[in-house]
Amino acid sequence: MKAGAVHDDLSDHITCCGGVNSGTSRNIIVALAGNPNVGKSTVFNSLTGLNRHTGNWPGKTVDLFYGIVDFQGDKYHLVDLPGTYSLRALSIEEQVARDFLINEKPDVTVCVVDATNLERNLNLVFQLRDITPNCVVCLNLVDEAKTRGIHIDVEGLEQELGLPVVPTVARDGTGLEQLMSTIAVVARNGRIPKVTLSRETAGVVNCLPGCTSHHGEPGVSGHSGVEQEIHEIYKEASRIASRTTFHAPSHHKDTTAIIDDMVTSRRFGIPLMLALLGVVFFITLYLSNYPSDLLFWLFSVIERQLTALFMDLGASPWLYGLLVLGVYRTVAWVVAVMFPPMAIFFPIFTLLEDAGYLPRIAFNLDHLFQRCHGHGKQALTMAMGFGCNAAGVVAARIIESPRERLIAILTNTFVPCNGRFPSLLLFASVFCRGIMGSRQRAALAPNHGLGVASPVQGSSVMSAAVSGAAVLVSISIGVLSTFIVSYLLSKTILKGVPSSFIMELPPYRKPKVGQVILRAFKDRTVFVLKRAVLVAAPCGAITWLLANTWLGEQTMLGASAAFLDPLGRVLGLDGVTLLAFILGFPANEIVVPIALMAYLSQTAMSQPASLSAMQSVLLSHGWTWVTALSAMLFSLLHFPCGTTVYTVYKETGSKKWAVLSIVIPVAFACTVLILLQGIIRLLGLA
Amino acid sequence: MSESPSDSWVALTELSPGEAGTLQHIGLSGVLRLRLMDLGFTPGVGVELVRKGPGGKLLAVRIRGTVMAIRSSDAAKLLIVRG
């Protein structure tokens, strides 16, 4: 019965009816709800392993993650609802969670609750209990509660709530087995009828008009009734929490407050944030050189083998060119350039995210957003944009005001996603070599003989530091551009005053390093790389064809580049680079490989076998530090990739905003680059 | 109460970091009012001003065991009694 309502995506997995025993194994839908920052995703990840799927659920164009757990012979489809404090549908996330519960009617709903903060979490439990029949409370973080001297009377809580309560420590898996068996029992028998509601609780349940009303009806209409209801819920939550929670004297130091004294300090907050980012970029640049070179070497060995194979088979030159020089090389370059920095940067970034640092960035930057009439949570969507701009656009749902949400959506491209990040690093290294190259030519002569090793060592640290600083500066320019464009938008097409904003500053938590690294690797690195390779392969073939189809004197690629060259020069780039950016619209990852192939087709150069050889290709084709700087800025500020534009269309439901999401950044990027050229010429720098 | 409200009620923004009080009145309307209440800002609840943000325009407030960031323009409309 439930399966019938589920979208096709999921019905592949749900072959028989949800919750109905069809003989051997049953399919049971379990919704996972909970406040943000209570370890809900840890519970989800620990139960489902790393086998996450995206399911498109009916009613809304919303993708929810789900995972499958095999338990006692049955298949449990765990659906990860967005983390929400409430189900009053005051935000899109709350609406999504509420719609799922009402429309899909999951067999069991698990509410993950923070044991250190029972009172506030009970608000959601009460609402869930009323909206769904079969609810299980997962009392998470009991270890953290213990170190803070908080003890919770689990049986007393079960009595008070009339729901099964399972204490867990999701980080190390404690209690998860019991959670699963409780879910199984509830799925089989319905709510465990071992307790009767206390009279006060029952009273509260009966007076929840906001929750029992039709779905999708935000409980805003009858204000005073809803307010009364919230008041009652908290009174009850407070009563239950004080009856079941016992505080022992503890010597626990509030480390969160100590860290926040520095990290969100009025004087040091922003400098510390920049320093932290700078260190992360430096580590990424410094460490990724070696694996990059290794991959280049490996791929060139394979290319030689492939070449020999094609020769042996007597394949025609165009087939060899198309498959090896086009498809294989482009894919190899994408992997060699992108994989190492992504494999280093994203785990570090995810660690910061899981530790709870991102809300502090939003906290530190909010006064700047206030000044440009933006929303403080825009900083969080920007942080998501570091992973993927399309994800950043989706994340803008956390912003309740439509005006500020649109501003966040339209400016998200100014944060370099992980597809652009490696090209940014490469351009930064070229920029660095361009600058140092001109210095070195002047001061190279007296350096010979002794101490050969140390200058080499020193220069690689040095160049990583300079490139790291260049990336940091360019990201700061991206952030500055976000502010400027947000301000301009709020003064023109998105007029309005800043709305309010409220955000939790959760306690810092030690991230689960192993899980984070695996998750960052699978969800971000492999996901993005796979997409890049899928786009790179056909684009490599097309680029090779363009580079080898002659139109009179020129190849088609050469002709297009020559056509774009005047415009490229105005922007401080050249025709080839501009063409590469345009051809890179499907995925930003392939911009550098296209540019390289175009350059290499101009001259009969062999395949570059290292990262520095790759940089040399650019430098030997007329790139200077100005070109590299312009390319960095253009990469940072130009139109979002095809996926992101499509996501903007899906999220806003309007072609107008999708088009504007291209037009606004392009106009801004061109303005900035033309200004840059002017300044450089004015100062006589190049 | 012998005192009239205006004598003892102050805006949340008047507190200095580390100072606490009891929420008396939410001078806001619409969705934000509901949202704040939904997060536990109900009259009678204890609030503590934890710190002010780098621009001084954002406050970190502890309420029901959670630290929430709220803009001072909104916090100015939350009236409390000190202590």
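Structure notes:
- Residue in segment A:499-516 that is buried (at least 19 other Cβ atoms within 10 Å of the Cβ), within 14 Å of chain B (Cβ to nearest Cβ) and among the β-branched types (Val, Ile, Thr) present: yes
- Applying the criterion of being more than 10 Å from chain B (Cβ to nearest Cβ), modelled with pLDDT under 90 and out of contact with any Phe, Trp or Tyr (no Cβ under 8 Å at 6 or more places or on another chain) to the residues of segment A:229-257, the residue that is nearest to A:LEU365 (Cα to Cα) is A:ASP254.
- Matching option when the condition is more than 12 Å from chain B (Cβ to nearest Cβ), within 23 Å of A:PRO507 (Cβ to Cβ) and in contact with a helix residue (DSSP H, G or I) (Cβ under 9 Å, 6 or more places away or on another chain), among A:MET342, A:MET338, A:MET384: A:MET384
This table checks each residue for (1) over 23 Å from A:ASN364 (Cα atoms); (2) surrounded by fewer than 17 Cβ atoms within 10 Å (Cβ to Cβ); (3) more than 9 Å from the chain's Cα centre (by Cα); (4) among the aliphatic types (A, V, I, L, M).
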{"site": "B:ASP7", "(1), (2), (3), (4)": "yes, yes, yes, no"}
{"site": "B:PRO17", "(1), (2), (3), (4)": "no, yes, yes, no"}
{"site": "B:LEU23", "(1), (2), (3), (4)": "yes, no, no, yes"}
{"site": "B:GLY30", "(1), (2), (3), (4)": "yes, yes, yes, no"}
{"site": "B:ASP38", "(1), (2), (3), (4)": "yes, no, yes, no"}
{"site": "B:PRO54", "(1), (2), (3), (4)": "no, no, yes, no"}
{"site": "B:ALA75", "(1), (2), (3), (4)": "no, no, no, yes"}
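- Residue-level check: of (1) without any contact (Cβ under 8 Å) to a residue 60 or more places away in the chain; (2) part of a helix (DSSP H, G or I); (3) surrounded by fewer than 19 Cβ atoms within 10 Å (Cβ to Cβ), A:GLY622 misses just (2).
- Residue that is surrounded by the most Cβ atoms within 10 Å (Cβ to Cβ), among those in segment B:56-67 that are of a type in the set (Val, Ile, Thr) and out of contact with any Gly (no Cβ under 8 Å at 6 or more places or on another chain): B:VAL61
- Test: A:LEU277 is more than 14 Å from chain B (Cβ to nearest Cβ) and either closer than 21 Å to A:PRO422 by Cα or of a type in the set (S, T, N, Q) (or both): yes
- Residue that is nearest to the other protein chains (Cβ to nearest Cβ) [pool: residues in segment A:65-95 that are β-branched (Val, Ile, Thr) and closer than 18 Å to A:VAL38 by Cβ]: A:THR84
- Those helices (runs of 4 or more DSSP H) of segment B:1-77 in which at least 2 residues are over 29 Å from A:VAL263 (Cα atoms), considering only elements entirely within it, cover B:5-8, B:30-38.
- All positions within segment A:661-686 that are basic (Lys, Arg) and buried (at least 16 other Cβ atoms within 10 Å of the Cβ): none
- Considering only residues in segment A:85-104 that are among the hydroxyl-bearing types (Ser, Thr, Tyr) and at pLDDT 90 or above, the one that is nearest to A:ILE233 (Cα to Cα) turns out to be A:SER86.
Condition check ((1) assigned to a helix (DSSP H, G or I); (2) exposed (fewer than 14 other Cβ atoms within 10 Å of the Cβ)) across all residues:
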site: A:SER250; (1), (2): no, yes
site: A:ARG267; (1), (2): no, yes
site: A:MET273; (1), (2): yes, no
site: A:VAL279; (1), (2): yes, yes
site: A:ILE283; (1), (2): yes, no
site: A:ASN289; (1), (2): yes, no
site: A:SER292; (1), (2): yes, no
site: A:THR307; (1), (2): yes, no
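Rundown of residues vs (1) surrounded by fewer than 17 Cβ atoms within 10 Å (Cβ to Cβ); (2) modelled with pLDDT of 90 or more, yes/no style:
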site	(1), (2)
A:GLN440	yes, no
A:ALA445	yes, no
A:LEU450	yes, no
A:ALA470	no, no
A:THR482	no, yes
A:SER486	no, yes
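- Matching residues in segment B:33-48 - criterion: being more than 7 Å from chain A (Cβ to nearest Cβ) and either basic (Lys, Arg) or in contact with a helix residue (DSSP H, G or I) (Cβ under 7 Å, 6 or more places away or on another chain) (or both): B:ARG33, B:VAL47
- Among the conditions (1) surrounded by 15 or more Cβ atoms within 10 Å (Cβ to Cβ); (2) under 28 Å from A:ILE435 (Cα atoms); (3) over 22 Å from the mean Cα position of the chain (by Cα); (4) in contact (Cβ under 8 Å) with a residue 24 or more places away in the chain, the only one that A:LEU600 does not satisfy is (4).
- Of all residues in segment A:488-518 being of a type in the set (Lys, Arg) and in a loop (DSSP other than H, G, I, E, B), the one that is nearest to A:ILE398 (Cα to Cα): A:LYS495
- Test for A:LEU480: is it more than 14 Å from every other protein chain (Cβ to nearest Cβ), closer than 24 Å to A:ARG397 by Cα, part of a helix (DSSP H, G or I) and without any contact (Cβ under 8 Å) to a residue 24 or more places away in the chain: yes
- Filter result for the condition that a residue is without any contact (Cβ under 8 Å) to a residue 24 or more places away in the chain and buried (at least 24 other Cβ atoms within 10 Å of the Cβ), over A:ALA658, A:ALA595: A:ALA595
- Scan of segment B:64-77 for residues that are touching a residue at least 40 places away in the same chain (Cβ under 8 Å) and either more than 7 Å from chain A (Cβ to nearest Cβ) or touching a Pro at 6+ places or on another chain (Cβ under 9 Å) (or both), ordered by number: B:SER72, B:ALA75, B:ALA76, B:LYS77
- Segment A:304-315 residues that are within 18 Å of A:PRO608 (Cα to Cα), paired with ones that are surrounded by 11 or more Cβ atoms within 10 Å (Cβ to Cβ) (beta carbon under 6 Å, 6 or more apart): A:LEU306/A:VAL324
- Leading residue by the ranking (farthest from the other protein chains (Cβ to nearest Cβ)) among those in segment A:96-123 that are of a type in the set (A, V, I, L, M), crowded, with 24+ Cβ neighbours inside 10 Å and out of contact with any Ser or Thr (no Cβ under 6 Å at 6 or more places or on another chain): A:VAL108
- Per the listing A:PHE639, A:PHE668, A:PHE634, the residue uniquely in contact (Cβ under 8 Å) with a residue 60 or more places away in the chain and outside any helix (DSSP H, G or I) is A:PHE639.
- Tally, over segment A:124-140, of residues that are away from chain B (no Cβ under 14 Å) and out of contact with any Cys (no Cβ under 8 Å at 6 or more places or on another chain): 5
One line per residue, one yes/no per condition, for (1) in a helix (DSSP H, G or I); (2) within 16 Å of A:GLU651 (Cβ to Cβ); (3) not assigned by TED's automatic domain parsing to the domain that holds A:SER616:
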| position | (1), (2), (3) |
| --- | --- |
| A:HIS375 | no, yes, no |
| A:THR381 | yes, yes, no |
| A:GLU400 | no, yes, no |
| A:THR413 | yes, yes, no |
| A:ASN418 | no, no, no |
| A:MET436 | yes, no, no |
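- Lone qualifier among B:GLY30, B:GLY55 - being out of contact with any strand residue (DSSP E or B) (no Cβ under 8 Å at 6 or more places or on another chain), within 14 Å of chain A (Cβ to nearest Cβ), modelled with pLDDT under 90 and more than 17 Å from A:HIS231 (Cα to Cα): B:GLY55
- Per the listing A:ALA532, A:ALA580, the residue uniquely assigned to a helix (DSSP H, G or I) and modelled with pLDDT of 85 or more is A:ALA580.
The values are calculated or read from the model by the stated rules, or taken from the named source; none is laboratory data. No experiment lies behind these values; they were computed from the predicted model shown. Reconstructed Cβ throughout: ideal geometry from the backbone, glycine too, with neighbour counts over all protein chains shown.
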